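The values are calculated or read from the model by the stated rules, or taken from the named source; none is laboratory data. Because the structure is a prediction, the values reported are computed rather than measured. Cβ: placed from backbone, ideal geometry, glycine included. Neighbour counts: every protein chain shown.
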């Protein structure tokens, strides 16, 4: 008995040591979540290759576009090799968040985010192994593709949420998107210069707040901006410019917190003939002014909070002639294929009144209005 206990003890030590070695190796080699999955769960090489190839197909062929916020629910079926691919237009200053909630703690899902480059799609970030959540601050105005792939034997219901939010707080207390009425690039002085910021109109004396934590590098009155504050965002190596203030608040220059009052809306400087407003700009040391709007743009639509799992079936039947669309909307989509009554489809999930589907005659996924098909048992 003692020998058996001793053997088990050493076996545990060996396994623990191997685990630590693998973790250290992953840090050095930057192993992807998929590579760790294959190694730690002893996935067969041939099956893993099929699984990986399905992801590559989705990356190349799938072009369904979505507006944010987006939510989809459904069910992962073992060895169905389903891939969920979404094309999204994003801008510098957006915070993209992707989350997959599962009804089984033993199932895994993998999230990857790609940018569209001239040479094709480039992977820029992937979720950690065992994590079904990923957030990315967007650095460039581009098309992005989000790919979600369940593990090979996943058999659970899911709820996918994709959303964007601004990286910064809105700089005028209580302000809304509609208060911004003069944007980046607008002509000034008869076309002699372009507007390097966004103007946010509000009542005189409305508090102007720090959109992020940082330190103040200048506060005072000079030039076209009149009374102004410069706040350095150390995290992003850029400076936030608050101009035309009626007055400047008293604040600790070196310990500014997000939400602190920096001053109050006015029309000093060259804004004396205009209604009170804040000119808000962002400047990078090596690139000059950049468009600040998406850093502060609030969500036009509230995120969806439905946590229910849609009990969909793997297959469906088209009930009458139908149009397949590249987005879950009639207004903002294109017809990419037509199906006839009686055609079969693979149902990936459901987003509001739309099925996210793959037709048996197509390499692409698409959206089909739920009134045009019925699930098969």
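Observations, loosely collected:
- In the condition set (1) surrounded by 13 or more Cβ atoms within 10 Å (Cβ to Cβ); (2) farther than 21 Å from residue 176 by Cα; (3) touching a helix residue (DSSP H, G or I) at 6+ places or on another chain (Cβ under 9 Å); (4) not assigned by TED's automatic domain parsing to the domain that holds residue 377, residue 239 is compliant with all but (3).
- Qualifying residue in region 146-155 (condition: without any contact (Cβ under 8 Å) to a residue 60 or more places away in the chain, more than 16 Å from residue 74 (Cα to Cα), assigned to a strand (DSSP E or B) and touching a strand residue (DSSP E or B) at 6+ places or on another chain (Cβ under 9 Å)): no
- Of all the listed residues (109, 167, 173), the sole one being under 30 Å from residue 203 (Cβ atoms), surrounded by 17 or more Cβ atoms within 10 Å (Cβ to Cβ) and modelled with pLDDT of 95 or more is 167.
- Scanning region 109-139 for residues that are outside any strand (DSSP E or B) and touching a strand residue (DSSP E or B) at 6+ places or on another chain (Cβ under 7 Å) turns up 127, 132, 138.
- Yes/no for residue 281 being over 20 Å from residue 367 (Cα atoms), part of a loop (DSSP other than H, G, I, E, B) and in contact with a strand residue (DSSP E or B) (Cβ under 6 Å, 6 or more places away or on another chain): no
- The condition (being within 18 Å of residue 347 (Cα to Cα), touching a residue at least 24 places away in the same chain (Cβ under 8 Å) and surrounded by fewer than 21 Cβ atoms within 10 Å (Cβ to Cβ)) is satisfied by just one residue among 121, 77: 77.
- Residue satisfying all of: in region 185-210; assigned to a loop (DSSP other than H, G, I, E, B) and over 24 Å from residue 259 (Cβ atoms); modelled with the lowest pLDDT among these: 192
- Boolean, residue 198 is buried (at least 21 other Cβ atoms within 10 Å of the Cβ) and touching a helix residue (DSSP H, G or I) at 6+ places or on another chain (Cβ under 9 Å): yes
- Test: residue in region 87-100 that is more than 14 Å from the chain's Cα centre (by Cα) and at pLDDT 95 or above: no
- Within region 320-349, the residues that satisfy the criterion of being more than 21 Å from residue 145 (Cβ to Cβ) and surrounded by 13 or more Cβ atoms within 10 Å (Cβ to Cβ) are 322, 323, 339, 343, 344, 345, 347.
- Of the helices (runs of 4 or more DSSP H) lying entirely inside region 1-74, the ones with 2 or more residues being at pLDDT below 60 and surrounded by 12 or more Cβ atoms within 10 Å (Cβ to Cβ) are found at 2-29.
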